[in-house]
Amino acid sequence: MIRYHAAWVVPIEGEPIKDGWVTVDRGRIVALGRRAANDSTRGVELGDVAVMPGLVNAHTHLELSYLRDQIAPASSFTAWARQIIAERRKTHLLTDPAIPAGVDAAIEELLRCGTALVGEITNTLFMTFDKLAQSPLAGVVFWELIGFNLDADFDAMVTQALEDLGDLPATEKVRGSLAAHAPYSVAPLFFRAIKKAVNKMPFVPCSVHLAENVEEVELLTTGGGPWKALMQDIGSWNPEWTAPGVGPVKYLDDMGFIDDRLLVVHGVQTSKADLERLRSRGATLVTCPRSNGHTGAGLPPIVDFYESGVRIAIGTDSLASCPDLNVFAEIATLHALAPSVPATSLLESATIQGARALGFDADYGTIEPGKLARLLAVDVPPGTSDVEEYLVSGIHPGQIRWVES
Ligand SMILES: [Zn+2]
């Protein structure tokens, strides 16, 4: 058993503890508390640091890491998507060595930035699953399904995807599940088939990009606009499809897709009524504000997010739309854009909310007896009085160490 002493312990579950201690035994947290003035118990002195749970990056696409700094900021989301599609057509997803090299570098960066858990979207399945399973990271790898124009048997496609998941090497640390890409790229019957399959699995979450951009809202409400043009250009449009005439959140809710297993990624284009709908279903909204700024989607309504009471987690999104994989930088962006949102809430979003959404809250997300000791020691200036405010104001990787590695 090892006892660690730190200027601050930030358990997330409960108030920050000044002059705190945490004891760890064989990789698990045993107890925590505050050092009394007369407490002479020996411990490992970590000094002027805040000990806190490893962070959760609830939305990544590690296979896009090779596109770091390659995709220019766009004035509209479909303009950004056209750049991505053009770049990806230059490389072969399964054979280009730049892609696995990018994944390896991204995993190293996630660890340097204090990430314990990821919600990873994959288009190859095997590439990121194996690398994550062999790394210290844990999380969910979502096998992303796309199909809008197919007359295909969607049930058979989902069955095949489930078999692919079943073929993965068994590990409790990284779990496989399914994701639907987005309303403009997944046919209604495909959404239903994916939901049916996920509901039959033992608790695993599901993910969808939703209400990310105005073009998506235009497509669903009018049946036309830039998404239709893009889909026609790449041969993926389905002329049989009819617009539901409602916004993205109501569209998926009406087909029963939104529930407490779902990670709704982005939500830039959500009204207060949409947020209330997500809250009442128990879904988790994953916000990625730096990506939204880069892709031309625009800034998310962060204050509305937090005022609605919906569960909020945080993701960086891919390096094709974000400059780094540092969740602390994402938190700092949220804090700068919405200073009225309490620092406590932002820190919960980056830890326990993401862990809960991914189904890993029994082991991650807070410092509590019994949980894994995947803990960070973050350098803080001597005499820091408001440690939460400091942690949401921008932490760089050089300030971060793993308490036990
Ligand atoms: Zn994404």
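The values are calculated or read from the model by the stated rules, or taken from the named source; none is laboratory data. Keep in mind it's a predicted model, so treat the numbers as computed, not measured. Note: ideal-geometry Cβ built from the backbone for every residue, glycine included; neighbour counts use all protein chains shown. Quick note on the areas: whole protein, heavy atoms, side chains included, nothing else; ligands and nucleic acids left out. Shrake-Rupley method; radii C 1.70, N 1.55, O 1.52, S 1.80 Å.
Sort out which residues of segment 53-64 are open to solvent by less than 10 Å² (accessible area, probe 1.4 Å) and either away from the ligand (no atom under 13 Å from the Cβ) or within 15 Å of Ala101 (Cα to Cα) (or both), and write them in order of number.
Of everything in segment 53-64, those that are open to solvent by less than 10 Å² (accessible area, probe 1.4 Å) and either away from the ligand (no atom under 13 Å from the Cβ) or within 15 Å of Ala101 (Cα to Cα) (or both) turn out to be Pro53, Gly54, Leu55, Val56, Leu62, Glu63.
Among the residues of segment 198-214, which ones are away from the ligand (no atom under 15 Å from the Cβ) and open to solvent by less than 10 Å² (accessible area, probe 1.4 Å)?
Residue satisfying the conditions is Val198 alone.
Return the residues of segment 100-124 that are out of contact with any His (no Cβ under 6 Å at 6 or more places or on another chain) and within 16 Å of the ligand (Cβ to nearest atom); say none if nothing qualifies.
Answer for segment 100-124, where residues must be out of contact with any His (no Cβ under 6 Å at 6 or more places or on another chain) and within 16 Å of the ligand (Cβ to nearest atom): Gly102, Val103, Ala106, Leu110, Val118, Glu120, Thr122, Asn123, Thr124.
Of the residues Val264, Val268, only one is part of a loop (DSSP other than H, G, I, E, B), within 16 Å of the ligand (Cβ to nearest atom) and open to solvent by less than 30 Å² (accessible area, probe 1.4 Å); which?
Step by step, each of Val264, Val268 is checked, and only Val268 is part of a loop (DSSP other than H, G, I, E, B), within 16 Å of the ligand (Cβ to nearest atom) and open to solvent by less than 30 Å² (accessible area, probe 1.4 Å).
For segment 290-342, which positions are assigned to a strand (DSSP E or B) and away from the ligand (no atom under 16 Å from the Cβ)?
Arg311, Ile312
Given the conditions (1) more than 16 Å from the ligand (Cβ to nearest atom); (2) out of contact with any Lys or Arg (no Cβ under 6 Å at 6 or more places or on another chain), which single one is not true for Ile258?
Checking Ile258 against (1) more than 16 Å from the ligand (Cβ to nearest atom); (2) out of contact with any Lys or Arg (no Cβ under 6 Å at 6 or more places or on another chain), the one that fails is (2).
Quick one: Ala357 ticks every box in (1) among the hydrophobic types (A, V, I, L, M, F, W, C); (2) away from the ligand (no atom under 16 Å from the Cβ); (3) within 23 Å of Asp260 (Cβ to Cβ); (4) surrounded by 20 or more Cβ atoms within 10 Å (Cβ to Cβ) except a single one, so which number is it?
Going through the list (1) among the hydrophobic types (A, V, I, L, M, F, W, C); (2) away from the ligand (no atom under 16 Å from the Cβ); (3) within 23 Å of Asp260 (Cβ to Cβ); (4) surrounded by 20 or more Cβ atoms within 10 Å (Cβ to Cβ), Ala357 breaks only (2).
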